Amino acid sequence: MAKRDQVRPLAPAAKRQSSDEEGACPHHKKRGRKCLKFWVSVTAIFVVLVTAVIVLRFTVFRVKDPVIKMNGVTITKLELSNGSTPKPGVNISLIADVSVKNPNFASFKYSSTTTTLYYDGEMVGEARNGPGQARARRTMTMNVSVDIIPDRIMSNPNLNADMSSGMLAMTTYTRVPGRMEIVIVKRNIVVEMRCSMTLNITSQQIQTQKCKRKVYF
């Protein structure tokens, strides 16, 4: 009987050990489910954020090309002799009405702009304007006064014939360098426009005009 009493306590100990292991298993399973839910949530949030950034990058944060336009040119200080020939020693000026349209959600800040006037392939006038900005989704206009160099245009052998016809073919080149910042997106932008035009000497207005624009980032 003594031997039986010594052996019997071993059986309950084994049962208690197995019951402890069974109790631990559900605990680990619950922790695994929580971890899985956590990482699924993190992944879903990450996907939503990446999608939102991509959508904003190609909509709100997308830098669209500013649009530069030559609205008109007016001749000033033009005095003619015999109704067709400019008087010697008289300065001639052109006032170009230029507009810059900014279709973006941020201001387009530009530095000094340059407008150059060409006649028969030769530069005969130049104007420079100070810095400024085109506000977000707005159009800014500026009047650029170009002073023509009398000696250069008067020495051209084709001037008298063109003035007698009443039409003067000229070319303008305008360059607007600037910078645009849309939150984290920063871009240096240069807007260029080259216009070929025919000026009516009598009305001193543009008869025909054709412009080409380019934007560099």
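The values are calculated or read from the model by the stated rules, or taken from the named source; none is laboratory data. Source: prediction; values computed, not measured. Using ideal geometry, Cβ is built from the backbone for each residue, glycine included, and neighbour counts are taken over all protein chains shown. Side chains included, ligands, DNA and RNA excluded: accessible areas come from the protein's heavy atoms. Shrake-Rupley method; radii C 1.70, N 1.55, O 1.52, S 1.80 Å.
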Name every residue in region 170-217 that is among the aliphatic types (A, V, I, L, M) and more than 18 Å from ASP147 (Cα to Cα), in order of residue number.
VAL176, MET180, ILE182, VAL183, ILE184, VAL185, ILE189, VAL190, VAL191, MET193, VAL215
Unmet criterion (only one of (1) touching a residue at least 60 places away in the same chain (Cβ under 8 Å); (2) surrounded by 14 or more Cβ atoms within 10 Å (Cβ to Cβ)) for ASN156
(1)
Answer yes or no: is there a residue in region 153-166 that is within 31 Å of the chain's Cα centre (by Cα) and β-branched (Val, Ile, Thr).
no
Among what's in region 166-196 and is open to solvent by less than 40 Å² (accessible area, probe 1.4 Å), among the hydrophobic types (A, V, I, L, M, F, W, C) and farther than 18 Å from TYR216 by Cα, pick the residue that is modelled with the highest pLDDT.
MET170
With SER196, SER203, SER165 as the choices, which residue is among the small types (Gly, Ala, Ser) and within 13 Å of MET70 (Cα to Cα)?
SER196
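When you check SER112 against the structure, is it farther than 30 Å from GLU181 by Cα, exposed (fewer than 14 other Cβ atoms within 10 Å of the Cβ) and of a type in the set (S, T, N, Q), yes or no? Before you say what the answer is, go through the steps one by one.
Values: farther than 30 Å from GLU181 by Cα: no; exposed (fewer than 14 other Cβ atoms within 10 Å of the Cβ): yes; of a type in the set (S, T, N, Q): yes.
When the stated conditions are applied, SER112 does not pass them.
Restricted to region 123-151, and to residues that are farther than 21 Å from THR76 by Cβ and in a strand (DSSP E or B), which residue is most open to solvent (accessible area, probe 1.4 Å)? Show your work before the answer.
So the first thing to find is which residues in region 123-151 are farther than 21 Å from THR76 by Cβ, and the list is 131-140.
Applying the additional criterion that residues be in a strand (DSSP E or B) yields 132-134, 138-140.
Working: GLY132: 27, GLN133: 86, ALA134: 0, ARG138: 123, THR139: 82, MET140: 39 Å².
This residue is ARG138.
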With respect to ARG213, determine if the residue is in contact (Cβ under 8 Å) with a residue 60 or more places away in the chain, closer than 30 Å to VAL63 by Cβ and assigned to a strand (DSSP E or B).
yes
